[in-house]
Amino acid sequence: MKTTLSVVNFNVCEYPVGANTGGVVGLGKERDLSPLTYKGEVATEITDKGKQYKDLHNDSITAQGLEALWNFYLLADLGNEPTEEEARILSYLFDTFGQGNVCNNGVDYNDHGDLSEKEGYSRAAIVTHPKKFTKNKETGLWKIGSEGSEVVHDYVPGTGFPLLTNDGTYNPITFVPFSTVTDRETAEASYINKGFSPEFARKVVSRFWSAKEGEGAKSVVRYCYVGWGNGRFSLGAGYGPGDRDDDIGRLFASRPASGASPADEIQIEPVSPAEYKRVVGELSSTRRRAADAEKAHQTLKDQLKELVGE
């Protein structure tokens, strides 16, 4: 990383909260249920607030990475226990209202690829690790320099509140929600109907912002706001790269290695919230034992150093 900021290492690979089995959603074809993954460093604070969004995406975490951390954060409500360092940064990101960050992504609503029209959705190119954003002086529209970037064409739902589907809430490949509705109550009901508490549903539901076809390229911004019914994990995929906000900055992160996740071949069956609690409780216990073993190992190393020094 190009800063001296404090960082926390994450190695997250968890299935989406509330997901069951794969289906015909998102990319318009059957696919196996995929975990939300992030492996790398994340800075402990958001920096460079107030700059134009186009100047903040480089070296920042991707929206896909943030969704993995958001999912990890939510699992704490179901019995998972992150480490002290992990819990601190997760709380900073998702419990601190009034701030956010630009993601290392872009969405080009003028690039439809080979997608056919779909009612209620905009066809767009989802760009991960974009090179740069440039503005056409004649049209006033932005475009993305995507050479060497990861580009996937997907259907982007309209502005609204993401629904919980059998595949989870967000496409792990492109980060966009599978489906949205205009009212928060319906979105919360999609969680309650799967057995989650109303309190959990209110906590998890956040607004998603998008744009229309033909409106050019947009930056992607994640923010934690209470206004306008947004929520702890509001995603904006409809902001101009030239926009700026005093509360929006850059969240430095290392770039995870690309390639298939080790959990890609895992198959799971539909589970209830109670089963989630049991499973993540076992994972949490394993995580604690591993942390205790690491501390014990470090203590032995320190004692050995003292003996050698004597």
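Numbers below:
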{"quantity": "Cβ crowding within 10 Å averaged over residues, with 232-243, 143-154 ranked highest first", "calculated": "232-243, 143-154"}
{"quantity": "Listed pairs K194/K295; K51/K118; K49/K212; K118/K203; K137/K212 exceeding 32 Å between Cα atoms", "calculated": "K194/K295; K51/K118"}
{"quantity": "Among V205, Y239, L36 - extreme Cα towards positive end, dipole of the stretch 7-257, charges at beta-carbon", "calculated": "Y239"}
{"quantity": "Cα-centre dipole for the stretch 7-257 with unit charges at Cβ (Lys and Arg positive, Asp and Glu negative), debye to 20", "calculated": "500"}
{"quantity": "Highest-first arrangement of 129-137, 163-171, where packing means the average Cβ count within 10 Å", "calculated": "163-171, 129-137"}
{"quantity": "Spatial separation of Cα centroids for the stretch 35-49 and the stretch 73-134, in angstrom", "calculated": "11"}
{"quantity": "T159/L307 FRET efficiency (R0 45 Å; Cβ-Cβ; nearest 0.05)", "calculated": "0.10"}
{"quantity": "Net length gained if the chain between S149 and E85 were fully extended (0.36 nm per residue, minus Cα distance)", "calculated": "19.9 nm"}
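Rule-based calculations on the coordinates, nothing more; no lab input. As the structure is a prediction and not an experimental result, all values here were calculated from the model. Neighbour counts run over all protein chains shown; Cβ positions are idealised from the backbone, glycine included.
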